1. Quick one: go through segment 1-38 and flag any residue whose amide nitrogen is under 20 Å from the point 7 Å out along the Cα-to-Cβ line of Thr111.
2. Per residue, what accessible area does the chain have, given a 1.4 Å probe and all protein chains present, in Å²?
3. Which of rounded, prolate or oblate describes the chain when judged by the alpha-carbon gyration tensor and an a/c cut-off of 1.5?
4. Over the chain, with every protein chain in place, what whole percent of the accessible area is carbon and sulfur at 1.4 Å, could you tell me?
5. Would you mind calculating the relative contact order of the chain from Cα pairs under 8 angstrom and at least 6 residues apart, reporting the percent as a whole number?
6. Leaving ligands and nucleic acids out of the surface, order Arg25, Arg50 by accessible area at 1.4 Å, largest first.
7. Just to check I understand the Karplus step: with θ = phi - 60° and J = 6.51 cos²θ - 1.76 cosθ + 1.60, what whole-Hz values come out for segment 92-104, glycine and proline as x?
8. Would you tally the net charge around Val94, using a Cβ to Cβ cut-off of less than 10 Å, leaving Val94 out, and scoring K and R as +1, D and E as -1?
Amino acid sequence: MTPTQQTLVQTSFAKVAPIADVAARLFYENLFERDPDLRSLFKEDMTEQRQKLMAMLSVAVANVGDWNKIAEAVQALGRRHVNYGVKPQDYATVAAALIATLEQGLGEDFTPEVHDAWEACIAAVAGEMLSASPFH
Ligand code: HEM
């Protein structure tokens, strides 16, 4: 990610942070619409899951310029995901659902540059998560 992309991810995330729970709801709707089979991997009550996802995204976004600081934690998150039954190909579905959510949440602020910056950010996080998994 370029420094400009890091800034774009941070400023655009700040715009959805005030509507974090709505954004998280929208994200899981987008996700399960794309792949209904993924619903069974999650608990019935998604309240805690929504909070954990947004908290983790906040940490990742805040540290996007200082990747080494969070790389280990992101790898550990990736290893836990293997136990959740997540497959490597599911990361593409999650990425698409996240991009769609940002587009819905940001509207016209979701410029092509913001889009590309998020694609790069998600690829970095997913790549780090998968690098530590036995699929690698
Ligand atoms: C961008 C990548 C991702 C991030 C940042 C992320 C974040 C998180 C976080 C923070 C948790 C809470 C539990 C923990 O810390 O271990 C979690 C759990 C979980 N995630 Fe992810 N995740 C990602 C990708 C995925 C993908 C691709 C799937 C596939 C469907 C997925 C499915 C799950 C499931 C099933 C749980 C556990 C639910 C439960 O046991 O209640 N995640 N995720």
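1. 1-17
2. It amounts to 57 Å² per residue over the chain.
3. The shape class here is oblate.
4. 55 percent
5. It comes to 44 percent, rounded to a whole number.
6. In descending accessible area the options line up as Arg25, Arg50.
7. Ordered by residue, 3J(HN,Hα) equals 5, 5, 5, 4, 5, 5, 5, 4, 4, 5, 5, 5, 5 Hz.
8. Net of charged neighbours comes to -1.
The values are calculated or read from the model by the stated rules, or taken from the named source; none is laboratory data. Owing to the predicted nature of the structure, the values given are computational and were not obtained by experimental measurement. All Cβ positions, even for glycine, are placed from backbone atoms using ideal geometry, and neighbour counts span all protein chains on display. The area values use the complete protein model at the heavy-atom level, side chains included, leaving out ligands, DNA and RNA. Shrake-Rupley method; radii C 1.70, N 1.55, O 1.52, S 1.80 Å.
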